[in-house]
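Peer 1: Can you read through this structure? Questions will come right after.
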Amino acid sequence: MALDKNWFTEIEEEIQSAFSLKVRKKLHEEQSAFQKIEVYETEGFGHLLVIDGFTMVSTRDNFLYHEMMTHPVLFTHPDPKRVAIIGGGDCGSLREVLRHPGVEHCVQIDIDERVTRVSEQFFPELCEANDDPRAELLFIDGIQWMKDAEPNSLDVIIVDSTDPIGPGEVLFSTEFYAACHRALGEDGLIVQQSESPLAHLPILERMYRSYRAAGFRAVQTLFFPQPIYPTGWWSATIGGKADSLPGFREADARDKPFATRYYNAEIHRAAFAQPEFFREAVASWR
Ligand code: SAM
């Protein structure tokens, strides 16, 4: 059945599939210096942010992504105080990071200020921590910022980037990960969204190889649902400097002093369970 013009559709070329949301109207469209930014009002998913034709954030399901990009890595690090987010212009990850009372400073570096300004207008709930005194928002290239970062100056790096095409491509390179490795302390951890395990294994393979080439000896992927992204099944991949990741601070996760909608200690444990095909694939990337 063909969809009429009232549907937004994202086509996933890799596995020739598509995802559609019925829209009431287009609320915003602009070409920034870096990318095309659109916002739709949908029938069932609230507002939808689209960059260069790709779905980024919806009101209904963004909590899955933002909670899983932040709380697993923050509860895995023994004592995260200094956090950097590369990309993340919608500010949802920043809000989740700042829920952790131990975090003293979180700097978000997104190349495109327009993404944040548009998010402030159409996703104000994601931007509610932007005025937190621990938050710093920079609008410059995250790759250059990371190259210039002081060695040993960060505990956690969250790479909340677009897909590895366009301005986000270098964010998946060994050179960028090496700069992250340098900027992190001994216990430091990096996490990056790593696409769909069902559709994008070649991207995951490249990430694993590049993380390791940059010096991250422990590499582990966690999984979560994400209805608006291709296949609906998404992942994030953590890298650490030691041979294996430390066990997570389970008691702290159980007693977390803030509410979440998806993340909890059981979800944390389950998210790191490795499906058989994925375990085999990772073994072949050694
Ligand atoms: N949740 C989204 C997803 O996985 O599809 C990603 C969200 S976020 C809106 C991605 C951000 O990365 C965009 O705002 C974009 O401007 C930013 N970005 C792309 N390349 C960048 C770079 N080199 N430095 C900093 N930010 C960058």
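Bear in mind that the values in this text are calculations on the coordinates, not laboratory data. Just so you know, these numbers come straight off a predicted model, no measurement behind them. As a convention, Cβ positions derive from the backbone with ideal geometry for all residues, glycine included, and neighbour counts pool all protein chains shown.
Peer 1: Would you compute, from DSSP H runs of 4+ residues alone, the mean residue ellipticity of the chain at 222 nm, taking -39500 (n - 2.57) per run and dividing by the full residue count, rounded to the nearest 500? It would help to have the intermediate numbers written out before the result.
Peer 2: On the way: 9 runs with 82 residues, N = 286.
Theoretical 222 nm ellipticity from helices: -8000 deg cm²/dmol.
Peer 1: I'd like to compare 214-227, 93-106, 141-154, 21-34: which one has the highest average count of other Cβ atoms within 10 Å, and what's the full order after that?
Peer 2: Values: 214-227: 18.4, 93-106: 20.6, 141-154: 16.2, 21-34: 13.6.
Packing order, densest peptide first, comes out as 93-106, 214-227, 141-154, 21-34.
Peer 1: Taking every DSSP beta bridge with both residues inside the chain, roughly what % is antiparallel (nearest 5)? Before the final figure, lay out each step's value.
Peer 2: Details: 35 of 54 bridges.
If I count the DSSP bridges inside the chain, around 65 percent turn out antiparallel.
Peer 1: Taking just the C-alpha trace of the chain, give me its Rg and Dmax in Å.
Peer 2: According to the Cα coordinates of the chain, Rg and Dmax are 18.0, 56 Å.
Peer 1: In degrees, nearest 10, range 0 to 90: what is the angle between the Cα axis of helix 201-213 and the longest Cα principal axis of the chain?
Peer 2: So the inclination is approximately 30 degrees.
Peer 1: Just to be sure I understand: if I project the alpha-carbon convex hull of the range 169-286 onto a plane and average over all orientations, what area do I get in nm²?
Peer 2: For the range 169-286, the mean projected area of the Cα convex hull comes to 8.1 nm².
Peer 1: Ok, one more. Near Glu29, within a Cβ-to-Cβ distance under 10 Å, what is the net charge of the other residues, with Lys and Arg +1 and Asp and Glu -1? The partial results should precede the final answer.
Peer 2: Numbers: positive: Lys26, Lys36; negative: Glu30, Glu38.
Net charge in that neighbourhood comes out at 0.
Peer 1: For the range 7-58, what does the alpha-carbon gyration tensor say about shape, rounded, prolate or oblate, given a ≥ b ≥ c as the root eigenvalues, a/c under 1.5 as rounded, and a/b over b/c as prolate? Spell out each step's value before the answer.
Peer 2: On the way: a/c = 2.35, a/b = 1.08, b/c = 2.17.
Because a/c hits 1.5 or more and a/b fails to exceed b/c, the range 7-58 counts as oblate.
Peer 1: Report the semi-axes of the equivalent ellipsoid for the range 55-142 in whole Å, largest first, where each axis is √(5λ) for an eigenvalue λ of the Cα gyration tensor.
Peer 2: On the way: eigenvalues 77, 46, 26 Å².
Working through the eigenvalues yields semi-axes of 20, 15, 11 Å.
Peer 1: Which residues among the range 32-51 fall inside the zone where the amide N is under 18 Å from a point 7 Å beyond the Cα of Glu14, along Cα→Cβ?
Peer 2: Residues 51 qualify, since their backbone N sits under 18 Å from the label point.
Peer 1: Counting pairs on different chains as well as pairs 8 or more places apart, how many Lys pairs in the chain have Cα atoms under 20 Å apart?
Peer 2: 9
Peer 1: Still on this structure, please answer the following. Using alpha carbons only, how many angstrom separate the centre of the range 47-73 from the centre of the range 80-140?
Peer 2: Each part's Cα centre sits 14 Å from the other's.
Peer 1: Using mean Cβ contacts within 10 Å as the protection proxy, how do 260-270, 82-92 order, highest first? All intermediate terms of the calculation are to be shown ahead of the outcome.
Peer 2: Working: 260-270: 15.5, 82-92: 26.0.
Ranked by mean Cβ neighbours within 10 Å, highest first: 82-92, 260-270.
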